[in-house]
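Novice: I have a structure here, written as structure tokens, and I will follow up with some questions on it.
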Amino acid sequence: ALLGFLVLPLIWSIPESLVTAELGSTFPEASGTVAWIEEAFGTTAGFISGYLTWVSGATDNAIYPVLFLDYLLSFVNGGSELHMPPIQRFVMLSSTSVALAYINYRGIELV
């Protein structure tokens, strides 16, 4: 498994980053991969790609508060599972999601 962590970036990540950089400079638009796919395969494929990317991002972002709460509860409880009432879990997950959405909405200036 350790060899996979060392070899995978060379086989997959570096070529993909070079392709992304090349296409990003060729199509300097805010739509990203949608522009590339529309150019190659048409507007229907571009729409499908954009929609599926949005669904993937929304699904992926919904996982983070759940994982954070589970890791936090495991850490607080010394490594074993801690069960909490469903309404308390819902409130904690919802407040975490709202806080992260607010930070995302406001934006973060790093530079």
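Novice: Within the range 43-58, take every residue that is open to solvent by less than 80 Å² (accessible area, probe 1.4 Å) and at pLDDT below 95 and give me the one that is farthest from THR96 (Cα to Cα).
Specialist: GLY46
Novice: List pairs: first residue in the range 97-111 and hydroxyl-bearing (Ser, Thr, Tyr), second residue at pLDDT 75 or above and surrounded by 10 or more Cβ atoms within 10 Å (Cβ to Cβ) anywhere in the structure, Cβ distance under 9 angstrom, at least six positions apart or on different chains.
Specialist: Every condition considered, the pairs that remain are SER97/ASN61; SER97/ALA62; SER97/TYR64; SER97/PRO65.
Novice: Among the numbered criteria (1) under 30 Å from TYR102 (Cβ atoms); (2) out of contact with any Leu (no Cβ under 9 Å at 6 or more places or on another chain); (3) of a type outside the set (Val, Ile, Thr), which one does ASN61 miss?
Specialist: (2)
Novice: Restricting to the range 25-38, and then to whatever is in a helix (DSSP H, G or I) and surrounded by 15 or more Cβ atoms within 10 Å (Cβ to Cβ), can you tell me which residue is nearest to the chain's Cα centre (by Cα)?
Specialist: THR33
Novice: Continuing with this model, one more query. Can you name the residue in the range 1-13 that is open to solvent by 80 Å² or more (accessible area, probe 1.4 Å) and assigned to a helix (DSSP H, G or I) and, of all such residues, is nearest to SER49 (Cα to Cα)?
Specialist: TRP12
Novice: Identify, from the list VAL66, VAL76, the residue that is among the hydrophobic types (A, V, I, L, M, F, W, C) and surrounded by 11 or more Cβ atoms within 10 Å (Cβ to Cβ).
Specialist: VAL66
The values are calculated or read from the model by the stated rules, or taken from the named source; none is laboratory data. A quick note: this is a predicted structure, and the numbers were derived from the prediction, not measured. Cβ: placed from backbone, ideal geometry, glycine included. Neighbour counts: every protein chain shown. Note: areas computed on protein heavy atoms with side chains; ligands, DNA, RNA excluded. Shrake-Rupley method; radii C 1.70, N 1.55, O 1.52, S 1.80 Å.
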